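Written below as structure tokens is the structure these notes are about.
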Amino acid sequence: MPSFTAIVPARMGSTRFPGKALADIGGRPMVVHCALRALESGAERVVVATDHETIATAARAAGVEAVLTRDDHETGTDRLAEAVLRLALPAETLIVNVQGDEPLIAPEAIRAVAAKLADSPECAMATACYPIRDRAHFESPTAVKVVMNRAGEALYFSRAPIPWPRDAFGGPVRSWPEGLHAWHHVGLYAYRASFLRAFAALERSPLETVEALEQLRALWHGYRIAVVTTERAPAPGVDTPEDLERVRALFDHRAVSR
């Protein structure tokens, strides 16, 4: 397995759920759970990158390294870019962005994107996806879709249903057409430190602005993104207080099962 660093971006002022990084799950702040999953993945180093001292203090109290970043970053990738500079990471360091609101993330998924990037020297990033198998999922704007080329590299990401099966969905038949391969993008990324430094200086792309998907900035500027395909959907993350209650219930169930 390649050596890599996991960075967990976490901000205090979430639009839909302020302070969610510190939400208690089983006696620990959510951000700490995310960092622990990263440690379980085999990451050589795990760092919480945050804009608030309270989050940094919570991470350090759990034995997790933390670095303070600015509070005006528009994306988590921009926050990671600042963390790379503050940590003075060498250019070839592999970095996995482990979101601070996914406390049930599978350690093997973290390992998989790191390994994919290590095996794809021509790519600047690696990410993941899993199959979509029904039309409601396919057409949901909350499900980000990715289409890939024959080498398994991303061609485009969209909240729209892509690729659109014109003949199958253009008539009265509403069933899922045989042979349609559609993929739900998973917001888990691996990068090299050198790319993160470059990303922060890139002009935002019109596509990124329209779709509200920051990975389109990389494609717009000609960077290649390798994609790992998995069969299973990831465990749910936390965007709202309602999501938190669902994740707490899942966490309790898993703790009892063990």
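The values are calculated or read from the model by the stated rules, or taken from the named source; none is laboratory data. Computed from a prediction, not measured in an experiment: that's the story for all the values here. Here the Cβ is made from the backbone with ideal geometry for all residues, glycine too, and neighbour counts use every protein chain on show.
Which members of the range 1-21 meet the condition of being at pLDDT 95 or above and either within 17 Å of VAL67 (Cα to Cα) or part of a strand (DSSP E or B) (or both)?
Within the range 1-21, THR5, ALA6, ILE7, VAL8 qualify.
Consider TYR223 carefully, then state whether it is touching a Phe, Trp or Tyr at 6+ places or on another chain (Cβ under 8 Å), closer than 29 Å to ARG37 by Cα, aromatic (Phe, Trp, Tyr) and in a loop (DSSP other than H, G, I, E, B). Walk me through it before giving the result.
Numbers: touching a Phe, Trp or Tyr at 6+ places or on another chain (Cβ under 8 Å): yes; closer than 29 Å to ARG37 by Cα: yes; aromatic (Phe, Trp, Tyr): yes; in a loop (DSSP other than H, G, I, E, B): yes.
In short, yes.
Given the condition buried (at least 22 other Cβ atoms within 10 Å of the Cβ), at pLDDT below 95, under 23 Å from ASP239 (Cα atoms) and under 19 Å from the mean Cα position of the chain (by Cα), answer yes or no: does some residue in the range 87-99 qualify? Quick ask: steps written out before the conclusion?
Narrowing the range 87-99 to residues buried (at least 22 other Cβ atoms within 10 Å of the Cβ): 94-98.
Then keep just the ones that are at pLDDT below 95; that gives none.
No, there is no match, as no residue in the range 87-99 is buried (at least 22 other Cβ atoms within 10 Å of the Cβ), at pLDDT below 95, under 23 Å from ASP239 (Cα atoms) and under 19 Å from the mean Cα position of the chain (by Cα).
Any idea how many residues of the range 69-81 are surrounded by fewer than 21 Cβ atoms within 10 Å (Cβ to Cβ) and either over 13 Å from the mean Cα position of the chain (by Cα) or of a type in the set (A, V, I, L, M) (or both)?
Count: 6.
Quick one: which residue in ALA88, ALA49, ALA6, ALA83 is under 28 Å from LEU202 (Cα atoms) and free of Cβ contacts under 8 Å to residues at least 12 places away in the same chain? Break it down into steps so the answer makes sense when it comes.
Values: ALA49 fails: free of Cβ contacts under 8 Å to residues at least 12 places away in the same chain; ALA6 fails: free of Cβ contacts under 8 Å to residues at least 12 places away in the same chain; ALA83 fails: free of Cβ contacts under 8 Å to residues at least 12 places away in the same chain.
Only one candidate passes the filter, namely ALA88.
How many residues does the range 142-158 contain that are modelled with pLDDT of 95 or more and surrounded by fewer than 13 Cβ atoms within 10 Å (Cβ to Cβ)?
So the count comes out to 3.
Out of the residues in the range 31-45 that are assigned to a helix (DSSP H, G or I) and of a type in the set (Gly, Ala, Ser), state the one that is farthest from SER3 (Cα to Cα).
Step one: list which residues in the range 31-45 are assigned to a helix (DSSP H, G or I), which gives 31-40.
If we keep only those that are of a type in the set (Gly, Ala, Ser) too, we end up with 35, 38.
Numbers: ALA35: 17, ALA38: 13 Å.
Step by step, filter the range 31-45, then rank; the result is ALA35.
Please find, among ALA112, ALA118, the residue that is surrounded by 14 or more Cβ atoms within 10 Å (Cβ to Cβ), touching a Ser or Thr at 6+ places or on another chain (Cβ under 8 Å) and either farther than 22 Å from GLY179 by Cα or of a type in the set (Val, Ile, Thr) (or both).
Numbers: ALA118 fails: touching a Ser or Thr at 6+ places or on another chain (Cβ under 8 Å).
Only one candidate passes the filter, namely ALA112.
Name the single residue, out of those in the range 226-258 being in a helix (DSSP H, G or I) and β-branched (Val, Ile, Thr), that is modelled with the lowest pLDDT. Outline the logic, then answer.
Taking the range 226-258 and keeping what is in a helix (DSSP H, G or I), we get 241-257.
Then keep just the ones that are β-branched (Val, Ile, Thr); that gives 247, 256.
Details: VAL247: 94, VAL256: 42.
Only one residue fits best here, namely VAL256.
Answer yes or no: is there a residue in the range 159-181 that is within 17 Å of the chain's Cα centre (by Cα) and surrounded by 20 or more Cβ atoms within 10 Å (Cβ to Cβ). Before the answer, list the steps.
Step one: filter the range 159-181 for residues within 17 Å of the chain's Cα centre (by Cα), giving 159.
Narrowing further to those that are surrounded by 20 or more Cβ atoms within 10 Å (Cβ to Cβ): none.
No, every residue in the range 159-181 fails to be within 17 Å of the chain's Cα centre (by Cα) and surrounded by 20 or more Cβ atoms within 10 Å (Cβ to Cβ).
Working only within the range 1-16, note down all residues that are β-branched (Val, Ile, Thr) and more than 13 Å from SER41 (Cβ to Cβ). Spell out the reasoning first.
First, pick out the residues of the range 1-16 that are β-branched (Val, Ile, Thr): 5, 7-8, 15.
The answer is THR15, and nothing else.
Would you mind stating whether ALA59 is buried (at least 16 other Cβ atoms within 10 Å of the Cβ), part of a helix (DSSP H, G or I) and more than 19 Å from the chain's Cα centre (by Cα)?
On the way: buried (at least 16 other Cβ atoms within 10 Å of the Cβ): yes; part of a helix (DSSP H, G or I): yes; more than 19 Å from the chain's Cα centre (by Cα): yes.
Taking the combined requirement at face value, the residue satisfies it.
With the requirement that a residue be among the aliphatic types (A, V, I, L, M), crowded, with 18+ Cβ neighbours inside 10 Å and in a helix (DSSP H, G or I), what does the range 198-218 give you? So that I can check it myself, show each step before the final result.
Start the filter on the range 198-218 by keeping residues that are among the aliphatic types (A, V, I, L, M), which leaves 198, 200-202, 207, 210, 212-213, 216, 218.
Cutting the leftovers down to crowded, with 18+ Cβ neighbours inside 10 Å gives us 213, 216, 218.
Residues satisfying the conditions are LEU216, ALA218.
Suppose we filter SER205, SER140 for residues that are touching a helix residue (DSSP H, G or I) at 6+ places or on another chain (Cβ under 6 Å) and within 30 Å of ILE7 (Cβ to Cβ); which single one remains?
Numbers: SER140 fails: touching a helix residue (DSSP H, G or I) at 6+ places or on another chain (Cβ under 6 Å).
Being touching a helix residue (DSSP H, G or I) at 6+ places or on another chain (Cβ under 6 Å) and within 30 Å of ILE7 (Cβ to Cβ) holds for just one of SER205, SER140, which is SER205.
From the set of residues in the range 220-243 that are in contact with an Asp or Glu (Cβ under 9 Å, 6 or more places away or on another chain) and aliphatic (A, V, I, L, M), which is nearest to GLY26 (Cα to Cα)?
Checking each candidate, the answer is VAL238.
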